[in-house]
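The values are calculated or read from the model by the stated rules, or taken from the named source; none is laboratory data. Please read these numbers as outputs of a predicted model, since none were measured by experiment. Please note: Cβ atoms are built from the backbone with ideal geometry, for glycine as well, and neighbour counts cover all protein chains shown. In case anyone asks, the SASA skips ligands and DNA or RNA and just uses the protein heavy atoms, side chains included. Shrake-Rupley method; radii C 1.70, N 1.55, O 1.52, S 1.80 Å.
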Amino acid sequence: IGTSAVRDAENGEAFLGEIEWSYGFATRLLSGEEEAELTRRGVANGRRVGDGTLVLDVGGGSTELITASARTSLDVGSVRLTERHLRSDPPTREELDAAAATVRAELPPLEPKDAIGVAGTITTLAALELGAYDPRRIHGFRLSRAAVDAQLERLASLPLAERRGLPGLEPERAPVIVGGAVVVREVLGRY
């Protein structure tokens, strides 16, 4: 299944065709709305997800905001935001402000009562808050807006080499975690 990066690539359809031809896999390019719906169904597997619950999935190229009545895919993800705005090491206040403004401009009017976050950015922020990556402790962990603010300030103040060494942060995610944290902070601030 292809998602945001394949949707955006000039050769996305050709890439999927090459996968099918070379490996025999059937491929499918999901729309942002389909990606959001599958995420919500995954979250709802084994638990009740209320009508007022926002499911937040910060990806590399896109961010999905999913409620019972709305499925929105925004063209702001951790990689895309980093590439567009966060070029300094560590990022400057102006770069962070520009990234935040980009996210705010994309957020639709929603009125959720609570939220569930999924995927790497959210689990990484929880792991940083806990001081280690432990899936049993991360699953269901309550990540407050204050904790996200504190982690974003911490991450944005460190050069990439230092971020790579933080307990709970996979070194490969270090280059884009600031961008992902900006998305989470802005979503929490808006809703």
Q) If you scan the range 73-104, which residues turn out to be within 19 Å of residue 35 (Cα to Cα), part of a loop (DSSP other than H, G, I, E, B) and of a type outside the set (A, V, I, L, M)? A) 75, 77
Q.
When you check residue 82 against the structure, is it within 20 Å of residue 184 (Cα to Cα), in contact (Cβ under 8 Å) with a residue 12 or more places away in the chain and among the β-branched types (Val, Ile, Thr), yes or no?
A. yes
Q) residue 80 is checked against (1) open to solvent by 20 Å² or more (accessible area, probe 1.4 Å); (2) in contact with a Ser or Thr (Cβ under 6 Å, 6 or more places away or on another chain) and fails just one. What number does that condition carry? A) (2)
Q. So is residue 7 assigned to a helix (DSSP H, G or I) and of a type in the set (Lys, Arg) or not?
A. yes
Q: Restricting attention to helices (runs of 4 or more DSSP H) lying wholly within the range 135-191, give those where 2 or more residues are open to solvent by 70 Å² or more (accessible area, probe 1.4 Å) and not aromatic (Phe, Trp, Tyr).
A: 135-138, 145-157, 160-163
Q. Going through the range 21-48 one residue at a time, which ones are open to solvent by 80 Å² or more (accessible area, probe 1.4 Å) and either in a loop (DSSP other than H, G, I, E, B) or charged (D, E, K, R) (or both)?
A. 25, 26, 28, 33, 41, 45, 46, 47, 48
Q: Read through the list (1) of a type in the set (Gly, Ala, Ser); (2) open to solvent by 40 Å² or more (accessible area, probe 1.4 Å); (3) without any contact (Cβ under 8 Å) to a residue 40 or more places away in the chain, then give the number of the only condition that residue 2 fails.
A: (2)
(Q) Among the listed residues 89, 75, 51, identify the single one that is open to solvent by 40 Å² or more (accessible area, probe 1.4 Å), closer than 22 Å to residue 173 by Cβ and modelled with pLDDT under 95. (A) 75
